[in-house]
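The block underneath contains the structure these notes are about, expressed in structure tokens.
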Amino acid sequence: MKNAIMAASLALCCIGSANAQLLRKLSKAADQASTANDVVKATGVVGKATKGKMVGGLGSGAKLNWGQYNQTPAVTFSSLLYGTQVFLTGGTRLENYTATFVPNTKAGGAKVDPIYDQEEYLKVKVFKGDQFITYFEYDGGQQFDEGKKIKYNAPTSRYKVNGEWVGDTNIDLKQWGAGNYRLDFVAGDKTYYSFDFEVAKLTNNDTYSGTNEMYVARGPWNNFAYMNYADTGNLLFGFYLTHEEFKPDPANAKNTTKKVKWSVSLLKDGKPYAKHYGNGPNAAQVRQAEWGDNQCAFKLVDKPNETLKFATLADGAYKVEVTVEGEAKPRQYHFDVKDKRIVQIPEQDRSKNTDPTRLIEGWNDYFWMKLVK
């Protein structure tokens, strides 16, 4: 134990004052370690995957004032689909999430300090099935809408311990493999939200191909689209595209991006009402194994020079038909408008949702629709 503390003390002297978070980790590790090697293990794997457990522990977290807001906390669905990135080479980037109604004060009334309290504030725990893989810490300094929204940003003060970067939000999918994954969002002393998605591994037997395996994310990107209340007042439709082809361009193996044409029709009470803005189909540059968000405004069928505004949506039953090049049939989504407001699906409606940890949070500007299968 004496040698362990000496090892930790030497590390503290070498790091410098800029990395206060690391200093706390080293001091805590020294208290728990029995050998100098244990200190390295307890501090060198923070934010890294270790099969079976996370060396060093997750910690209890700061006790927060969970009565600060009347609404239950959640993470916006759009930021989940944007921030959860799976790379074809088997890495991830899990960050840039927007949390809503997460307390930024402690139980005793003190304001959370996103720098000093970082180790005890915002975290994401990663699971494959029911097996805990690792956790990541985030900088909660970016807050807006009167503190009702907080960004889960990766720490900017990344540093190396034992040759490994601390502050990454990456897990090695080559180690953990394909399967069902879950992200548990933690604020202080509480896990308040969960997000599920699937990772698939594709293989290619072409010996001339530059890539013989590909990791892809599947799940909500495939099954949801949205209507967005834009700042301009326009009604926007959005959905997600990717492609899983190893060689989309037969003439150029290095070109992995695929041009995909798509168009959208909006029907009201079974009759043509509007279509995507523009002449002819839209064209998306779809990246290999990477989900992209595609949006369009609408022009009215009977007034082709007039853009459909969110505020002018008349009550009725609407159907969205999305024709995507290469797909056998159009994608279909339904929504209703009542009292000039889009009726939220039960999973998004806070008065109907039965599981706050999986609420589809759209704030006041995203209205989510499920794919009709």
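The values are calculated or read from the model by the stated rules, or taken from the named source; none is laboratory data. This one's a predicted model, so the numbers in the text were calculated from it and none came from an experiment. Every residue, glycine as well, gets a Cβ built from its backbone with ideal geometry; the counts of neighbours run over all protein chains shown. We work out accessible area using only protein heavy atoms, side chains counted, and drop any ligands, DNA or RNA first. Shrake-Rupley method; radii C 1.70, N 1.55, O 1.52, S 1.80 Å.
Assess whether residue 289 counts as being more than 19 Å from residue 258 (Cα to Cα), surrounded by 17 or more Cβ atoms within 10 Å (Cβ to Cβ) and at pLDDT 95 or above. When the stated conditions are applied, residue 289 does not pass them.
Of the strands (runs of 3 or more DSSP E) contained entirely in the range 174-241, those carrying at least 3 residues that are farther than 30 Å from residue 63 by Cβ fall at 190-203, 213-218, 224-229, 235-241. If you go through the range 134-150 and pick out every residue that is crowded, with 21+ Cβ neighbours inside 10 Å and modelled with pLDDT of 95 or more, you end up with 1.
Every test in (1) under 27 Å from residue 72 (Cα atoms); (2) crowded, with 16+ Cβ neighbours inside 10 Å is passed by residue 319 save one, and that test is (1).
Could you pull out the residue among 278, 292, 316, 270 that is on the phi > 0 side of the Ramachandran plot, within 32 Å of the chain's Cα centre (by Cα) and assigned by the TED database to the domain that holds residue 230? From the options 278, 292, 316, 270, the qualifying one is 278. Consider residue 94 carefully, then state whether it is modelled with pLDDT of 95 or more, under 25 Å from residue 181 (Cβ atoms) and crowded, with 20+ Cβ neighbours inside 10 Å. When the stated conditions are applied, residue 94 passes them.
Residue 293 fulfils the conditions (1) assigned to a loop (DSSP other than H, G, I, E, B); (2) of a type in the set (Asp, Glu); (3) farther than 24 Å from residue 339 by Cα except for a single criterion, (1). Has the range 245-259 got at least one residue that is part of a loop (DSSP other than H, G, I, E, B), in contact with a Leu (Cβ under 7 Å, 6 or more places away or on another chain) and among the charged types (D, E, K, R)? So far as the range 245-259 goes, no, none of its residues is part of a loop (DSSP other than H, G, I, E, B), in contact with a Leu (Cβ under 7 Å, 6 or more places away or on another chain) and among the charged types (D, E, K, R). Among the conditions (1) touching a Pro at 6+ places or on another chain (Cβ under 8 Å); (2) under 24 Å from residue 247 (Cα atoms), residue 301 misses just one, which is (2). Cβ-Cβ contacts under 8 Å between residues 6 or more apart (or on different chains), taken from a first residue in the range 232-251 that is over 19 Å from residue 275 (Cα atoms) and polar (S, T, N, Q) to a second residue that is modelled with pLDDT of 90 or more and open to solvent by less than 70 Å² (accessible area, probe 1.4 Å), are listed as 242/216; 242/221; 242/286; 242/288; 242/289; 242/291; 242/292. Any residue that is surrounded by 15 or more Cβ atoms within 10 Å (Cβ to Cβ), in contact with a Gly (Cβ under 7 Å, 6 or more places away or on another chain) and in the same structural domain as residue 336 (by the TED database) - is there at least one of those in the range 180-198? No: zero hits. The set of residues in the range 347-362 being within 21 Å of residue 197 (Cβ to Cβ) and open to solvent by less than 90 Å² (accessible area, probe 1.4 Å) consists of 347, 348, 353, 355, 356, 357, 359, 360, 361, 362.
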